[in-house]
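First up is the structure itself, then whatever we jot down about it.
The values are calculated or read from the model by the stated rules, or taken from the named source; none is laboratory data. This is a predicted model, so every value here is computed, not measured. Every residue, glycine as well, gets a Cβ built from its backbone with ideal geometry; the counts of neighbours run over all protein chains shown.
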Amino acid sequence: MKIKLSLILFLGSLLTQFAQNDDVYENWSSIEVDYGLTKNIDIYGGGQLRIKSIGDTYNKSFYEFGAKIKINDHLSSGFGFRGIDELDDVGNIQGHEKFNRYHAFLTGAYDYKKFDFRLRLQFQRKNEVGVSDSVNNDFFRTRFEVRYDIKDWKADPRIGIEFFTKDDLNFNENYKKYRFSFGTKLNLKGPNSLTIKYILQEEVRVDSPVSHHILRLNYNYSIKSK
């Protein structure tokens with residue numbers, strides 16, 4: 001319990017250390033339930049609330065469901081849907097906006113001694129609900145993550161970086177932002193787990209880039225098929 005509490009305090013302190021600047025600070029809190037439909041197929045559902053430090057506290061919320069498919073020991077894939085409520089508090093026209101987002105991904109994994117390397121490529125399409133001339137907002141996301149197994153330690157570290165490119169994988173022209181993450185996954189009693197992450201999101205190729213410091217907390221309840 002001391003390990004879990006110290007991790008939460010440490011990651012929370014990362015957000016408060018920079019409180020004197022104009023960066024954006026956010027908290028992403030989510031709940032997810034997954035069910036092992038077969039040996040190689042899991043279905044999941046959940047939701048997330050995002051709050052921020054600038055403007056209105058409420059930023060975004062969404063519900064999500066989808067499936068994850070294990071192809072073999074090194075390869076997996078999946079797809080999902082999000083129904084998003086997002087607050088636009090900038091400009092003359094403000095208010096809540098509804099979006100649908102669809103995504104599909106492919107993940108490769110490789111273990112070497114105590115290291116677990118993962119590479120994920122995801123395509124996602126987001127469009128606004130109720131707008132006849134809504135333009136598809138397409139992104140490719142490339143994420144690399146390293147996990148390390150520490151002996152007799154329940155909070156094994158995970159470090160990752162993810163790159164966002166709009167419309168295609170042309171980094172020279174369409175590279176828009178990246179996310180660096182550091183955290184861990186705590187396996188609690190029974191089928192419960194808690195993932196804690198600090199995320200730094202940086203915009204690129206914009207006149208006034210804004211840094212986002214994010215504390216992400218995700219509770220998961222996993223049900224295995226009999």
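Annotations
- Within region 83-133, the only residue that satisfies the criterion of being assigned to a loop (DSSP other than H, G, I, E, B), surrounded by 12 or more Cβ atoms within 10 Å (Cβ to Cβ) and of a type in the set (A, V, I, L, M, F, W, C) is 129.
- Residues that are over 13 Å from residue 214 (Cβ atoms), at pLDDT below 95 and not hydrophobic (A, V, I, L, M, F, W, C) do not occur anywhere in region 60-71.
- Residue match in region 38-46 (condition: among the β-branched types (Val, Ile, Thr) and either more than 23 Å from residue 103 (Cα to Cα) or at pLDDT below 90 (or both)): no
- Apart from one condition, residue 108 fits all of (1) under 25 Å from residue 156 (Cα atoms); (2) at pLDDT below 95; (3) in contact with a His (Cβ under 8 Å, 6 or more places away or on another chain); the exception is (2).
- Applying the condition of being polar (S, T, N, Q) and either touching a His at 6+ places or on another chain (Cβ under 7 Å) or at pLDDT 95 or above (or both) to region 161-192 and asking which residue is nearest to residue 221 (Cα to Cα) yields 184.
- The condition (being in contact with a Lys or Arg (Cβ under 7 Å, 6 or more places away or on another chain), more than 25 Å from residue 183 (Cα to Cα) and at pLDDT below 95) is satisfied by just one residue among 129, 135: 129.
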